[in-house]
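What follows is one structure encoded as structure tokens, with my remarks underneath.
The values are calculated or read from the model by the stated rules, or taken from the named source; none is laboratory data. As the structure is a prediction and not an experimental result, all values here were calculated from the model. We place every Cβ from the backbone using ideal geometry, glycine too, and count neighbours over all the protein chains shown.
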Amino acid sequence: MAQRGKQHTRSRYDLIAPLYNVMEWPIEQLLFKSWRKDLWDQTKGPKVLEIGVGTGKNIPYYPEDIQVTGIDLSPGMLKRAKHQLPKKQQPRITLKQMDAQQMDFPDDTFDEVVSTFVFCSVPDPVLGLKEALRVTKPGGKLYLLEHMLSKNKSLSTVMEKLDAPIHYLTGVHIARTTVENVKIAGWKINQVQDMTSNGIVRMIEATS
Ligand SMILES: C[S@@+](CC[C@H](N)C(=O)[O-])C[C@H]1O[C@@H](n2cnc3c(N)ncnc32)[C@H](O)[C@@H]1O
């Protein structure tokens, strides 16, 4: 079942990869750019893991004095991230194909883990967040920017109804309870910031 979920997610992102940046361009300019900057400005490193690096949209926001390892499940998305990786940045940025639910890194490898708009599509988000905790050093930080189930009752009812068909078509779940998932995985939540008035997009900071 988990294997099927993984294949579904990978195939959807491989399919979407050529269009991903174009589809997201308007919202990227309007909102995401400044949110990404705010998120990455908080990181101190030195060793940072980015889960679900996608087409590499966060790369321009990586602070210059940190080392980043970026992983993604989809070869199609990752290929685009590799293409846009500036040559002079290559010694401090490593990109690998890997499943967030089963990472190859030893325990306590990273000082911080960052992820943007990913735990909506990781097939088992709690498993992925537990893996993130395992590879983070004690006292290390998790920074997430994620869309999730709205706090607004009418909106959340609609989102729950649409979740299954949207997941089938795109690989994305729109009704995840990501703040709760972070807690269930064993992280200590420090801060949750609502980026939208309905609580659909939130920035989460947690400690291992
Ligand atoms: C909506 S995209 C976000 C990409 C990028 N973080 C951004 O902000 O534009 C979600 C990404 O998560 C990746 N992903 C989904 N499940 C994953 C998993 N289990 N392990 C690693 N990456 C995963 C997908 O392949 C996709 O590239």
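Of the residues making up the stretch 12-31, those that are within 10 Å of the ligand (Cβ to nearest atom) and either closer than 12 Å to Gly54 by Cα or among the hydroxyl-bearing types (Ser, Thr, Tyr) (or both) number 6. Counting only strands (runs of 3 or more DSSP E) that sit wholly inside the stretch 56-136, those with at least 1 residues that are of a type outside the set (Asp, Glu) and over 22 Å from Gln42 (Cβ atoms) are 93-97.
When each of Lys79, Lys37 is tested for being within 24 Å of Glu205 (Cα to Cα), modelled with pLDDT of 95 or more, more than 14 Å from the chain's Cα centre (by Cα) and more than 8 Å from the ligand (Cβ to nearest atom), the lone residue that passes is Lys37.
Just one of Ser11, Ser34 is surrounded by 13 or more Cβ atoms within 10 Å (Cβ to Cβ) and of a type in the set (Ser, Thr, Tyr); which is it?
Just a single option satisfies the conditions, and that option is Ser11.
Would you confirm whether any residue within the stretch 94-108 is of a type outside the set (Lys, Arg), loosely packed, with under 13 Cβ neighbours inside 10 Å and at pLDDT below 95? So far as the stretch 94-108 goes, no, none of its residues is of a type outside the set (Lys, Arg), loosely packed, with under 13 Cβ neighbours inside 10 Å and at pLDDT below 95. Within the stretch 152-208, being of a type in the set (Ser, Thr, Tyr) and either in contact with a strand residue (DSSP E or B) (Cβ under 6 Å, 6 or more places away or on another chain) or within 30 Å of Val135 (Cα to Cα) (or both) holds for Thr170, Thr177, Thr178, Thr207, Ser208.
Would you check if there is a residue in the stretch 42-49 being within 10 Å of the ligand (Cβ to nearest atom) and not in a loop (DSSP other than H, G, I, E, B)? Explain how you work it out, then say what you get.
Keep residues of the stretch 42-49 that are within 10 Å of the ligand (Cβ to nearest atom), which gives none.
No, the stretch 42-49 contains no residue that is within 10 Å of the ligand (Cβ to nearest atom) and not in a loop (DSSP other than H, G, I, E, B).
For the stretch 167-176, filtering for residues that are in a helix (DSSP H, G or I) and buried (at least 16 other Cβ atoms within 10 Å of the Cβ) leaves 2.
For the stretch 87-130, the set of residues classified as of a type in the set (Asp, Glu) and either more than 9 Å from the ligand (Cβ to nearest atom) or farther than 24 Å from Met148 by Cα (or both) consists of Asp104, Asp107, Asp108, Asp111, Glu112, listed by residue number. Of the listed requirements (1) within 14 Å of the chain's Cα centre (by Cα); (2) exposed (fewer than 14 other Cβ atoms within 10 Å of the Cβ), Asp65 misses just one: (1).
Go through the stretch 14-31 and give me each residue that's of a type in the set (S, T, N, Q) and surrounded by 15 or more Cβ atoms within 10 Å (Cβ to Cβ).
Just the residues of the stretch 14-31 that are of a type in the set (S, T, N, Q), to begin with: 21, 29.
Selection gives Asn21 alone.
Restricted to the stretch 189-208, and to residues there that are polar (S, T, N, Q) and in a loop (DSSP other than H, G, I, E, B), the residue that is surrounded by the most Cβ atoms within 10 Å (Cβ to Cβ) is Ser208.
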